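S.K.: Let me begin by handing over the structure; questions about it come next.
Bear in mind that the values in this text are calculations on the coordinates, not laboratory data. Source: prediction; values computed, not measured. A quick note on method: Cβ atoms are made from the backbone with ideal geometry, for glycine too, and the neighbour counts reach across all protein chains shown.
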Amino acid sequence: MTHDPTPSRPSMYSQIDVSHGAYPRAAAASRADCNDQTQLLRELVAAQDRQNELLEELIGQLHANQRQRATELGQWKQANPHLARRCRRAAEALGKVQTEFLDGITQEISSNFDTLIEGEFMLNEFIDRYGPRLAHLNGLLQVLSQLSSTPNPANTPNTP
């Protein structure tokens, strides 16, 4: 009994006839498909161009709003320089208060970690106790910081 080590399998390679005009219908269909693909690609490029134009308009609008807000804020600071300085001092002080508040929160979380994980009631109590204070503190600090920040040199007029 002889055993053939290579079982008979169909060949992975085959011959392909690439001669010109062998399949005129296939070539015409291929050209039609190519024209359809070309047209589809042109439509995609046109849609992408339109999308880019819309994004540029959106960026322009957002930039205009930011410039207007910065101009208004600069005008307010020029009209109220003493209040702007007091806002800066208040923001610095409130920043220290926020740091201490966050330190207290993190200590409470560390010491009550297991209780907060296991009990939904305790987690809700913790959030109710600290969440609104932290949110309001952050909001106040943000307003004071914006009102007290130094104006952008590019947006301020040259004053002697």
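S.K.: Each residue of the range 47-55 in turn: what ³J(HN,Hα) in whole Hz from Karplus with 6.51, -1.76, 1.60 and θ = phi - 60°, glycine and Pro shown as x?
M.R.: 5, 5, 4, 5, 4, 5, 4, 5, 5
S.K.: Please work out how much length the chain gains when fully extended from residue 101 to residue 69, using 0.36 nm per residue of separation minus the C-alpha to C-alpha distance, in nm with one decimal. Could the numbers behind the result be given before it?
M.R.: Working: separation 32, 0.36 × 32 = 11.52 nm, distance 3.10 nm.
Result: 8.4 nm gained on full extension.
S.K.: Next question, about the same structure. How fast does the range 28-79 diffuse by Stokes-Einstein, in µm²/s, taking the Kirkwood radius from C-alpha pairs at 25 °C and 0.890 mPa s?
M.R.: The calculation lands on 170 µm²/s.
S.K.: Another question, if that's okay. Roughly what would the spin-label model give for residue 80 and residue 31, points 7 Å off Cα along C-beta, in nm?
M.R.: For residue 80 paired with residue 31, the spin-label model returns 7.6 nm.
S.K.: Report ³J(HN,Hα) in whole Hz for each residue of the range 134-140, in order, from the Karplus equation J = 6.51 cos²θ - 1.76 cosθ + 1.60 where θ = phi - 60°; Gly and Pro get x.
M.R.: With coefficients 6.51, -1.76 and 1.60, one gets 5, 5, 5, 4, 5, x, 4 Hz.
S.K.: Multiply the residue gap between residue 62 and residue 117 by 0.36 nm, knock off their C-alpha separation, and tell me the result in nm, one decimal place.
M.R.: Values: separation 55, 0.36 × 55 = 19.80 nm, distance 4.22 nm.
The residue 62-residue 117 span can extend by a further 15.6 nm.
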